[in-house]
2 protein chains.
Amino acid sequence: MSDGEKEVKRIPDATVARLPIYLRSLLELSADTLTVSSEQLADSAGVNAAKVRKDLSYLGSYGTRGVGYDVEYLQSQMRRALGLTHDWPVVIVGIGNLGAALANYGGFGDRGYPVAALVDADPDVVGTEYGGLVVQPASSLADVVREHGIGIGVITTPAAAAQDVADALIEAGVNSILNFAPTVVTVPDGVSLRKVDLAVEMQILSFYQQRRES
Amino acid sequence: MSDGEKEVKRIPDATVARLPIYLRSLLELSADTLTVSSEQLADSAGVNAAKVRKDLSYLGSYGTRGVGYDVEYLQSQMRRALGLTHDWPVVIVGIGNLGAALANYGGFGDRGYPVAALVDADPDVVGTEYGGLVVQPASSLADVVREHGIGIGVITTPAAAAQDVADALIEAGVNSILNFAPTVVTVPDGVSLRKVDLAVEMQILSFYQQRRES
DNA sequence: GGGTGTGAAAGCCTTCACAGCA
DNA sequence: TGCTGTGAAGGCTTTCACACCC
């Protein structure tokens, strides 16, 4: 009987995308704040209180009526849901301006996503060092992934290379990808893809600006 | 009579966010491709054909039944909708790793968003040069905005400074903001805000990865 | 025949409003 | 009394399916 197993309540995508914001809000509360209301959380996350309550209800019922949510407990449940109970090593592929900046950034390691390796196809770039890591050749991608137990691949190559890199990452066993290259990348079912496209963001902004002016 | 003016058909947000992708797909077609079908565009944009047709229908009826869309004409209509008929100068505020990388990136100017100025609050950073631009002090933000006719502000400061920078940008007359700082920034009505949050993207990926493994 | 344009259906997400519990 | 948890309503987005035109 398919679907017969005791089903874990499915969490909507829109909710998943907000959990990290709530978690950050919780972490910003002073250490002696023991409970927080949906309205406080809503203010600090920039959404409305009903949405916070609905979102949190998908994780289970962790609030107390008349009181609010236990900060510590909510943090730990959220960390569990987001998989922050262990590290997720990351490989950055494509060490140009952006890739190098991310390698030097440091903010990833702190948050449980240590940059474990850098890879580039250009022989002139291979061997250079950023943030304490030596850039490896593209040919060693699969080895690097295996060796470091890489869970997430970050693509910062030019657009033309992005699909091939994604295919290689998937082939090597990575099934979470963050794509910064300005092109559409497609992945099979069972692989997660998120994208950050600066040119697209700019164009969306100028669309609305344009609208306002006319 | 509010709403009495001849109303331009409102374009849904979800559609606006896809227009830049379609435009890019159109630009990638070889120069001798005169028409394109919704299905071709859909393949190259990674969406389905009905969605392409609906999206394009908001711009007007630019297709020919049995034939497809005129590539050149569609490009020009799309450029017009996205406000790409003129440049939108950009200021980058916060010249750390990421800000400097964006300043050097160069891909913005090509696409109609020239980086016109760099601003930082740290006296040690002010005066240094990236991509041919000298970093200006935070105190000169309003002057810089006025002088260069800045339309878009990019925030790459630490989280703690982001809201103040946004307020200062808005005060100076900027009403499109792209925020890279890992914090919630709120803006008044009439100002557009887009955000890129790397830590959030990572956490979303690890959520789904986690799901898959359990 | 081929492919657009679009009502209508279906699905997803947000918001409301209030029952229910501490 | 105060605040959570949640059905129900409403709004937005996607997808279907087909009339219509080249």
*With springs connecting C-alpha atoms under 10 Å apart, model chain B as a Gaussian network and identify which of B:109, B:99, B:190 has the largest mean-square fluctuation.*
B:190
*Which one of B:168, B:128, B:156 has its Cα pushed farthest toward the positive end of the charge dipole of region B:104-210, where Lys and Arg give +1 and Asp and Glu give -1 at the Cβ?*
B:156
*Hey, what do the phi angles of region B:141-157 turn into as Karplus ³J(HN,Hα) couplings, whole Hz, using 6.51/-1.76/1.60 and θ = phi - 60°, x for Gly and Pro?*
3, 4, 4, 4, 4, 5, 4, 9, x, 5, x, 9, x, 10, 9, 10, 7
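Once you sort the root eigenvalues of the Cα gyration tensor of the protein assembly as shown as a ≥ b ≥ c, which label holds: rounded (a/c under 1.5), prolate (a/b larger than b/c) or oblate (the other case)? Present the calculation step by step, with values, prior to reporting the outcome.
Details: a/c = 1.18, a/b = 1.16, b/c = 1.02.
Rounded, since a/c falls under 1.5.
Any idea what the relative contact order of region A:90-201 is, in percent, if you count C-alpha pairs under 8 Å spaced at least 6 apart?
On the way: 202 pairs, mean separation 25.9, N = 112.
Once divided by the residue count of region A:90-201, the mean separation gives 23 percent.
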*If we hang a label 7 Å off Cα along the beta carbon direction at residue B:127, how far is it from the matching labels on the other copies, in nm, shortest first?*
3.7
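When the dipole is taken about the Cα centre of chain B, and only Lys, Arg (+1) and Asp, Glu (-1) are charged at their Cβ, what size is it in debye, to the nearest 20? The partial results should precede the final answer.
On the way: 17 positive and 26 negative charges, 198 e Å.
That gives a dipole near 940 debye.
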*Looking only at A:11, A:204, A:21, which one moves most when chain A is put into a Gaussian network model with springs between Cα atoms under 10 Å?*
A:204
*asked:* Less than 12 Å Cβ to Cβ from residue A:34, Lys/Arg counted +1 and Asp/Glu -1: what total charge do the surrounding residues give?
replied: -3
_Can you give the local net charge around residue B:156? Use residues other than it whose beta-carbon is closer than 15 angstrom to its beta-carbon, Lys and Arg +1, Asp and Glu -1._
-3
_Residues whose placed amide H lies under 5 Å from that of residue B:195, excluding near-sequence neighbours_ = B:179
*Taking springs between alpha-carbon atoms closer than 10 angstrom, which of B:66, B:106, B:94 fluctuates most in the Gaussian network model of chain B?*
B:66
*For region B:90-201, just the Cα set please: Rg and Dmax, both in angstrom.*
12.7, 36
_Just to check I understand the Karplus step: with θ = phi - 60° and J = 6.51 cos²θ - 1.76 cosθ + 1.60, what whole-Hz values come out for region A:56-66, glycine and proline as x?_
5, 5, 5, 7, x, 9, 9, x, 10, 4, x
_Number of partner chain Cβ atoms within 10 Å, mean per residue of A:14-25_ = 4
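Checking the a/c ratio against 1.5 first, then a/b against b/c, what shape does the Cα gyration tensor give for chain A? Display every interim value, and only then the final one.
Working: a/c = 1.86, a/b = 1.58, b/c = 1.17.
Judged from the Cα gyration tensor, chain A comes out prolate (a/c at least 1.5, a/b above b/c).
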*Please work out which residue of chain A brings its Cβ closest to the axis of the rotation superposing A onto B, and round that distance to whole Å.*
A:101, 2
*Rounded to whole Hz and in sequence order, give me ³J(HN,Hα) for region B:207-214 from the Karplus expression 6.51 cos²θ - 1.76 cosθ + 1.60, θ = phi - 60°, writing x for Gly and Pro.*
4, 5, 4, 3, 3, 5, 7, 9
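Values in this text are rule-based calculations from the coordinates and carry no lab data. Only a predicted model underlies this, so the values are computations on that prediction, with no experimental measurement involved. Note that each Cβ is placed from the backbone with ideal geometry, even for glycine, and that neighbours are counted across all protein chains shown.
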